[in-house]
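Read the figures in this text as sums done on the coordinates, not as results from a lab. None of the values given here were measured: they were computed from a predicted structure. Here the Cβ positions follow ideal geometry from the backbone for every residue, glycine too, while neighbour counts run over all protein chains shown.
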Amino acid sequence: MPMPITLARRSPAGQYTETLNTAAVLSEIYRVWVPRGIVLKFDPTRPFLLQLATAETVTPAGTNAAESVTYDIARVLNAAAGHTDGQYQGVYLTADGTARTITAVADHVDAPGAPTITCSDETAAAHRYCYVPWVNGRIVVKIEAPRGQGTLAYPVFEGNTKQLHALNQYRFNRLDAPFPIPPDFAIVVYLDAAWVVAYESGTTAGAISLPFNKIQLPLLQSPERLFFEAKEPRPGYNLRQRVEDMMLRSVR
């Protein structure tokens with residue numbers, strides 16, 4: 001039987017890339033390749049997560065007051081973990097990455113149009129304020145086939161980041177495709193937004209990987225050998241051809 005797995009950010013090692021998007025242009029932000037020897041398929045019985053953070057530099061006065069940020073801050077819904085200020089945000093001293101203690105957040109529920117983050121130990125120096133934005137943006141997830149200079153793609157999800165970031169993703173998000181994904185094919189995430197995604201805090205030294213910037217894809221994994229057929233030009237050839245044919249039929 002296929003084995004349920006979850007592909008998370010930065011896994012499997014050596015099989016993914018993280019890329020900063022170009023603001024206001026649909027551009028790639030994440031790509032993960034299916035490793036050799038296995039075949040994957042989306043598992044529509046489990047939720048997928050897309051929480052994409054942004055970061056900006058703020059220089060507070062050092063008075064531990066509420067500091068304004070550019071975009072509304074999303075209140076991330078997760079019934080299992082609840083929501084507390086500072087759980088889906090981070091503030092770091094730009095010079096060395098020292099984490100600050102967040103005591104209050106004015107998010108899109110508390111103060112739409114007036115987002116702020118308050119820290120109890122800020123100083124009068126540049127800080128990186130990191131959070132999940134509640135802002136319109138287009139997010140697209142595709143399966144892509146290796147096709148030399150061209151790419152054959154099949155869209156599996158398209159949504160709005162403002163809606164997505166405020167949604168209870170653990171309950172409502174699902175991905176599905178009518179075919180398995182062979183080795184060397186890729187699952188790719190694209191973003192078109194005014195804001196730029198931040199995988200790390202962006203501090204000068206000691207940059208922190210943002211734990212609330214999440215990409216989690218639920219999949220079913222099978223050994224590639226189960227799909228081998230007799231009299232193939234090479235092992236796995238027929239599966240790749242069938243998948244590419246289905247992807248071609250989906251192109252309008």
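Computed quantities for the displayed model
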read-out: Cut-off under 5 Å, modelled amide H: who pairs with Arg46 long-range; value: none
read-out: Viscosity 1.002 mPa s, 20 °C: Kirkwood-radius Stokes-Einstein D of the chain over Cα pairs, µm²/s; value: 109 µm²/s
read-out: Cross-link table Lys41/Lys142; Lys142/Lys214; Lys41/Lys162, entries beyond 22 Å C-alpha to C-alpha; value: Lys41/Lys162
read-out: Packing rank of 111-119, 47-55, where each peptide gets the mean count of other beta carbons within 10 Å, highest leading; value: 47-55, 111-119
read-out: Net charge over other residues, Cβ less than 11 angstrom from the Cβ of Pro182 (K, R count +1; D, E count -1); value: +1
read-out: Alpha-carbon spread of the range 59-132, three principal axes, descending order, Å; value: 35, 25, 17
read-out: Electrostatic dipole magnitude of the range 142-247 [Cβ: Lys, Arg +1; Asp, Glu -1; Cα centre; debye, to 20]; value: 180 debye
read-out: Inverse mean reciprocal Cα-Cα distance (Kirkwood Rh) of the range 18-69, Å; value: 16.0 Å
read-out: Net charge contributed by nearby residues that have their C-beta within less than 9 Å of Tyr30 (K/R +1, D/E -1); value: 0
read-out: Between 0 and 90°, nearest 10: helix 237-250 axis offset from the chain longest Cα axis; value: 60 degrees
read-out: Among 64-77, 224-237, the order from most to least packed when residues are scored by Cβ within 10 Å on average; value: 64-77, 224-237
read-out: Shape of the range 1-142, Cα gyration tensor, a/c cut at 1.5; value: prolate
read-out: Net charge dipole size for the chain [Lys, Arg +1 and Asp, Glu -1 on Cβ; Debye, nearest 20]; value: 1040 debye
read-out: Dmax and Rg, reported as Rg then Dmax, of the range 121-252 (C-alpha, Å); value: 19.7, 71
read-out: Neighbourhood net charge (13 Å Cβ-Cβ; Lys/Arg +1, Asp/Glu -1) for Pro146; value: +1
